[in-house]
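Written below as structure tokens is the structure these notes are about.
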Amino acid sequence: MPVFIPIRDPEFKSKGLPQNIAMTEKQIRDILMKADSNGDGSLSKDELKKAFKEFGSRMPCWRVSCCLRKADTNRDGKISKEEIDLVVDYVLAWIESKN
């Protein structure tokens, strides 16, 4: 009986960035700013979720929760301009841990 074995090619992903691309701080900031859909200068949970999907997260909701715990210093549930550096550091560390 024939057996189907799917071939996983890391070059082709349905969502997110290929894992072998090293992201710069500027690229991360650009993705975060693009995720700010209402243009208010802060990132809500939904906007962060959209950004983490673009970063290639398989569990963007969980990743957003972790990120907010670390970066949302005033605990308002959003990432303000003052907190964006903490998000960039979090994303860089997360991407580095994946490779």
(message) Quick check on region 11-23. Is at least one of its residues modelled with pLDDT of 95 or more, of a type outside the set (S, T, N, Q) and not in a helix (DSSP H, G or I)?
(response) no
(request) May I ask you to list the residues in region 85-99 that are surrounded by 15 or more Cβ atoms within 10 Å (Cβ to Cβ) and among the small types (Gly, Ala, Ser)? (result) none
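Residues checked against (1) at negative phi; (2) out of contact with any Asp or Glu (no Cβ under 9 Å at 6 or more places or on another chain):
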residue	(1), (2)
Asp46	yes, yes
Glu54	yes, yes
Ser57	yes, yes
Arg63	yes, yes
Leu68	yes, yes
Ala71	yes, no
Arg75	no, yes
Ser80	yes, no
(message) Restricting to region 44-84, name every residue that is among the aliphatic types (A, V, I, L, M) and either crowded, with 18+ Cβ neighbours inside 10 Å or in contact with a Lys or Arg (Cβ under 7 Å, 6 or more places away or on another chain) (or both).
(response) Leu48, Ala51, Val64, Leu68, Ala71, Ile79, Ile84
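Could you go through region 40-52 and let me know if any residue there is closer than 18 Å to Glu96 by Cα and part of a loop (DSSP other than H, G, I, E, B).
Taking every residue of region 40-52 in turn, none turns out to be closer than 18 Å to Glu96 by Cα and part of a loop (DSSP other than H, G, I, E, B).
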(request) Filter region 48-67 for residues that are in contact with a helix residue (DSSP H, G or I) (Cβ under 7 Å, 6 or more places away or on another chain) and not charged (D, E, K, R) and give the result. (result) Leu48, Ala51, Phe52, Phe55, Ser57, Pro60, Cys61, Val64, Cys67
(request) Mind listing just one residue for me: the one in region 53-99 that is acidic (Asp, Glu) and part of a loop (DSSP other than H, G, I, E, B) and, of those, nearest to Ala35 (Cα to Cα)? (result) Asp72
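The values are calculated or read from the model by the stated rules, or taken from the named source; none is laboratory data. The shown structure was predicted, so the numbers you read here are calculated from the model rather than taken from an experiment. Here the Cβ is made from the backbone with ideal geometry for all residues, glycine too, and neighbour counts use every protein chain on show.
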